[in-house]
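Notes to accompany the following structure.
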Amino acid sequence: MAGCSPEKPRWCLSEQYSIFQTKRVLENGDIEWGGITFDLLNFLAADLNFRYRVVEPPDGQWGVDQGNNSWNGMIGLVAKQEVDFAAVSAFVTIPRLRVVDFPEPFFRDSISILIQRPHETVDKLSFMRPLSYLVWLTLVVSLLLGGVVLWLVSRVSPCSNPENRVDTRGCAQTAADTSGNPRMTVDTQGRRHAELLDLNNSMWIVFGANVLQCGIWMPNSWSGRIIIGAFLISSVCIVATYTSNLVAFLAVTTFHLPINTLDDMVQQDTIEWGTVDGISLYYFLKKSKHDPYKSVFAKLTTVKNYEAGLERVRRDGNFAFISEIGWFHGIHDCNLTMTSENFFINDIAFALPKNSWYTDIFTESPVTGSTTATVKHFYGSFLLLTTGLFLATFTLLAEYLLHRASHRRKKTINDDREKSRTSENWHYFSYTDHSQEKCQC
């Protein structure tokens with residue numbers, strides 16, 4: 001902070017804690033800190049105009065009650081007011097609330113179990129998993145049945161078989177030969193289809209329709225084309241369902257976890273488990289009087305820090321490390337995985353001394369709330385709507401006037417044409433009558 005004595009620690013930090021706190025020692029011996037905690041701290045420092053100095057707890061502990069209300073680690077430094085506050089990802093627990101204050105939490109974390117990922121099981125029939133076996137059986141039966149029916153139709157229908165043809169009306173017409181020859185005669189087409197649509201080719205045509213692919217030759221008869229159309233329509237839904245599910249089945253690797261919950265862990269004897277000594281989770285398990293937490297603590301082993309627990313999981317496939325999910329997310333090791341069960345959900349916040357004036361400042365936020373929307377909030381929307389209505393009205397008026405003017409112009413032209421036609425007819429008849437008079441003379 002500005003004007004602070006350099007001899008007094010101004011900020012306390014625990015050991016490295018994944019995405020929240022990261023510690024990096026440079027070549028010149030300087031320490032570079034990072035993570036979400038430092039992002040928040042730098043934002044507060046810029047907003048409240050203060051500077052800070054980072055100090056780690058001498059014992060490297062988070063802070064636990066050692067009896068007689070005496071705390072070690074970073075919580076102890078805060079409680080003794082040896083630091084202004086602890087900008088760390090500390091769990092907000094009831095014992096800690098008795099000696100320090102916590103502002104508004106900035107994260108909520110829970111506990112899970114970290115183990116080695118089991119060996120993946122290769123499923124050689126994974127391409128068949130998107131559809132059930134009954135669906136596959138139905139598709140095969142429909143393929144065989146559809147091929148036979150199409151072949152029978154091509155043999156019986158007069159449109160496909162020239163021997164049965166009496167009249168070509170009502171038959172589907174086929175396009176020109178694919179070789180570029182002129183359009184074949186109806187008998188030639190029928191004979192060609194009778195040769196092409198044998199039982200073997202009928203099966204392949206139905207199979208192509210099942211995968212949304214049609215052959216070059218289609219049945220001449222409407223009955224045959226209806227069969228192909230029915231297969232195409234039904235295949236759209238089946239193929240879409242299959243392709244969408246196939247991506248998920250191929251992308252997700254399947255493996256069986258030896259343990260998935262705390263109950264699974266305490267009921268087996270192969271895998272050992274442990275956690276970091278001195279963290280809030282350790283004392284939560286220690287003081288718990290209910291299963292499965294009580295049984296978990298009975299066989300619990302402890303490690304010095306998070307890195308030691310992680311290394312043991314990597315080295316020993318029969319060890320499970322119990323810790324915070326937020327810490328697990330920063331590991332990025334594909335050979336490790338978490339179980340699905342989460343427990344001991346807690347808020348995470350900075351720790352401050354009791355009655356510290358920083359508590360209210362860190363908790364303050366702009367007053368926000370819901371307000372009733374008035375017309376002024378939608379002024380632009382209503383203005384746009386009104387403009388559109390007026391524009392539509394003017395457009396309608398212009399269309400009406402243009403249509404009316406066009407109608408009048410057409411009527412005038414038609415009247416002129418009618419008058420001209422009438423005048424020509426009158427002159428014609430007048431000329432004829434005059435000629436007759438002259439002849440009579």
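Descriptive notes on the structure:
- Residues of region 119-157 that are modelled with pLDDT under 80, β-branched (Val, Ile, Thr) and loosely packed, with under 14 Cβ neighbours inside 10 Å: THR121, VAL122, VAL156.
- Residue list for region 45-71, restricted to those being touching a Gly at 6+ places or on another chain (Cβ under 8 Å) and touching a residue at least 24 places away in the same chain (Cβ under 8 Å): PRO57, GLY60, GLN61, TRP62, GLY63, VAL64, TRP71
- Single condition PRO353 does not satisfy, out of (1) farther than 15 Å from TRP273 by Cβ; (2) modelled with pLDDT under 85; (3) buried (at least 16 other Cβ atoms within 10 Å of the Cβ): (2)
- Region 64-88 - residue that is assigned to a helix (DSSP H, G or I) and of a type outside the set (A, V, I, L, M, F, W, C) and, of those, farthest from TYR358 (Cα to Cα): GLY73
- Residue check, ASP263 surrounded by 13 or more Cβ atoms within 10 Å (Cβ to Cβ), closer than 30 Å to ILE75 by Cα and at pLDDT 80 or above: no
- The one condition in (1) hydroxyl-bearing (Ser, Thr, Tyr); (2) in the same structural domain as TYR133 (by TED's automatic domain parsing); (3) surrounded by 14 or more Cβ atoms within 10 Å (Cβ to Cβ) that TYR306 fails to fulfil: (2)
- In the set ASP433, ASP360, ASP333, ASP347, only one residue is on the phi < 0 side of the Ramachandran plot, more than 35 Å from the chain's Cα centre (by Cα), at pLDDT 75 or above and of a type in the set (Asp, Glu); that residue is ASP360.
- LYS299 being more than 25 Å from LEU139 (Cβ to Cβ) and in contact (Cβ under 8 Å) with a residue 12 or more places away in the chain: yes
- Test for LEU281: is it touching a residue at least 60 places away in the same chain (Cβ under 8 Å) and under 28 Å from the mean Cα position of the chain (by Cα): no
Yes/no per residue for (1) under 22 Å from PHE38 (Cα atoms); (2) over 38 Å from the mean Cα position of the chain (by Cα):
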residue	(1), (2)
LEU77	yes, yes
ALA90	yes, no
ARG98	no, yes
GLU104	yes, no
SER110	yes, no
ILE113	no, no
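- Filter result for the condition that a residue is closer than 30 Å to LEU150 by Cβ and aliphatic (A, V, I, L, M), over LEU281, LEU300, LEU257, LEU246: LEU246
The values are calculated or read from the model by the stated rules, or taken from the named source; none is laboratory data. The structure presented is a predicted model; accordingly, all values stated were derived computationally and were not measured. Ideal geometry is used to build each Cβ from the backbone, glycine not excepted, and the neighbour counts take in all protein chains shown.
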